[in-house]
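Scroll down for the structure; my scribbles are underneath it.
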Amino acid sequence: MSADPEIEAAGHASVRFGDVTGRYLIQTFGCQMNEHDSERIAGVLESGGYLRANEAGEAEVVVLNTCAVRENADNRLYGSLGHLKPLKDRNPRLRVVVAGCLAQKDQGLIQRKAPWVDVVVGTHALPGLLDLIRQSAREGPQMDVREFTEVFPSALPARRASRHHAWVSVSVGCDNRCTFCIVPLVRGPQLSRSIGDILAEVQSLARLGFVEVTLLGQNVNTYGRDLTVPGSSRRPLFAELLRAVDGVDGIRRVRFTSPHPHDFTDDVIDAMAECEAVCEHIHFPMQSGSDRILRLMKRSYRAERYLGWVDRIRRVIPGIAMTTDIIVGFPGETEDDFEETLRVTEAARFDAAFTFQYSTRPGTPAAGYEDQVPKPVVQERFERLVELQERISLEKNQAIVGQRVEVLIEGEGRKGNLKGRTRTNKLVHLPGHLDPGAFVVVEIMAAHPHYLEARLFAPSNAASTGPASSDRVPVPAASGAPAVGVSVLG
Ligand code: SF4
């Protein structure tokens, strides 16, 4: 019996389809970047003859793909590892692998605290995963936490979680130093892929029937800063990349995440406005509305400049939906600072926001700041911010009730309904039976802060390569939680 041949031999990897070696299970924590890394980990394992398991008890390899960005990441990791220990005791052939940002950050500490971990593989070392697993069976625990990316993960095979939507990595790492963020430490400096390489992947996805791609980078606006255009000394720009991906036949929706407001430029807004497939949604991380706190965070824009971008984007792309990230209770945040955040949130009228209570991330500069805000104060501010944002989200959603918009069906939703997304990235529930990947036009019937209810109006023109013109600018945008997981910062 051979492994499932349907894994995508993305990029230029040579994929070995051997006999079945065993079964694997991956548990993913964290952002879209980690979701996509897990697709690559699955692709690498399947190229080595592993098949997916339904539960840890039937797996020969269990991978915990960790995140160091979120609160209590290490507690969650060691909790999961604790659950695996009895399995490992019963089945010594089981390989326990810790991958991802926490593996990169904690390195040898993981195997010291959990000696039943067979492999620790950092964010730059995924290409060697199969060898590490085999070596661990012969020689005992292995670790590879090299510091730099030598092979872009996109050159590895992938087992995509969806058959119509694909994450496409355009860069890894980040050159910024936001004081709350662990990413530069665990993902390293920014490394961009060439436009040609990215386009080849998107074209290959289109040939496989994918209709939507999300371009992924920690700070997509600085895409290409570390490259030169072949034959010139010029750097490729993110706007050029957007235009190039927009031109790929068969890709009807292009999204990206996340831009950093500091590096945002007019040419990106113009490209968004002019490219038919680029969706009318932007995730635009604000983090705080207080200039003083932005300075402490080492975010180099200020509130009025941020609001200026918000206005400009909405003027050029009417109907665009805007989502954001906001941290409450950053060290030193006073009531006045927080009220500034409320003021800017009210002024920006985001469609939705990822709101976070600040908590220390060991290894980040802010973890050492002395004036940490007491937990009850953070909690109280957080609740006020959530209440404000929920009201705004509901108002924005109510404004589109009665309108007809295009929805891409994602699969089964609540109570046997379908769920899908508008071009503005709003979650829509509707009754019916349709395959994931189908485009339909729906009529919005009811609004809630985080989703919309709709009824099927008509199938969309599945053959067209761009959105139906009536859906190009769907309406004043409504709220919905962003597509998957949590944001990729920016
Ligand atoms: Fe980079 Fe975003 Fe982290 Fe800032 S928050 S360091 S821009 S990844």
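The values are calculated or read from the model by the stated rules, or taken from the named source; none is laboratory data. Model, not experiment: these values are computed from the prediction. Cβ coordinates were reconstructed from backbone atoms using ideal geometry, including for glycine residues, and neighbour counts include every protein chain displayed. We work out accessible area using only protein heavy atoms, side chains counted, and drop any ligands, DNA or RNA first. Shrake-Rupley method; radii C 1.70, N 1.55, O 1.52, S 1.80 Å.
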Report summary line: Amide H proximity to V120 below 5 Å, modelled H, separation 5+ or other chain, gives V98, Q142, M143, D144
Query raised in the report: With no solvent and one point on each alpha carbon, what is the Debye value of log10 I(q)/I(0) for segment 246-345 at q = 0.10, 0.20 Å⁻¹?
Result: -0.32, -0.97
Query - Coordinate range along principal axes, alpha carbons of segment 387-461, Å, largest first - result: 36, 23, 17
Report task. Over 30 Å between C-alpha atoms is what I'm after, so list which of K298/K419; K105/K375; K105/K298; K396/K419 land there. Result -> K298/K419
Report summary line: For segment 184-312, averaging the sequence separation of alpha carbon pairs under 8 Å that lie six or more residues apart and dividing by its residue count, the contact order in percent is 23
Report task. Find, among the GluC sites (Glu not before Pro) in segment 158-243, those assigned to loop by DSSP (not H, G, I, E, B) with at most 11 other beta-carbon atoms within 10 angstrom. Result -> none
Query raised in the report: Using a cut-off of 21 Å between alpha-carbon atoms, which lysines can reach K85, once sequence neighbours fewer than 8 places away in the same chain are excluded?
Result: K113
Requested in this report: State the Cα centre-to-centre distance between segment 74-132 and segment 259-291 in whole Å.
Outcome: 37
Report summary line: Taking protein heavy atoms only, a 1.4 Å probe, and rounding to whole percent, the accessible area of the chain owed to carbon and sulfur comes out at 52
Report summary line: Quick calc of log₁₀ I(q)/I(0), the chain, Debye, one scatterer on every Cα, no solvent, q values 0.09 1/Å, result -0.63
Report summary line: Taking the chain and counting helices only, DSSP H stretches of n ≥ 4 at -39,500 (n - 2.57) each over all residues, the nearest-500 ellipticity at 222 nm comes to -9500 deg cm²/dmol
Report summary line: Residues meeting the amide H criterion for F354 (H placed from the backbone, H to H distance under 5 Å, 5 or more places apart or on another chain) are T324, D325, I326
**Report entry** Semi-axis lengths (Å, descending) of the ellipsoid that matches the C-alpha gyration tensor of segment 365-410
**Finding:** 38, 16, 7
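Cα-Cα pairs above 21 Å in segment 163-265: how many percent? Before the final figure, lay out each step's value.
Working: 1824 of 5253 pairs.
Of all Cα-Cα distances in segment 163-265, 35 percent exceed 21 Å.
Per residue, how much accessible surface does the chain expose to a 1.4 Å probe? Answer in Å², no decimals.
On the way: 19490 Å² over 490 residues.
I get 40 Å² per residue for the chain.
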**Report entry** segment 398-422-segment 174-241 distance, computed between alpha-carbon centres (Å)
**Finding:** 30
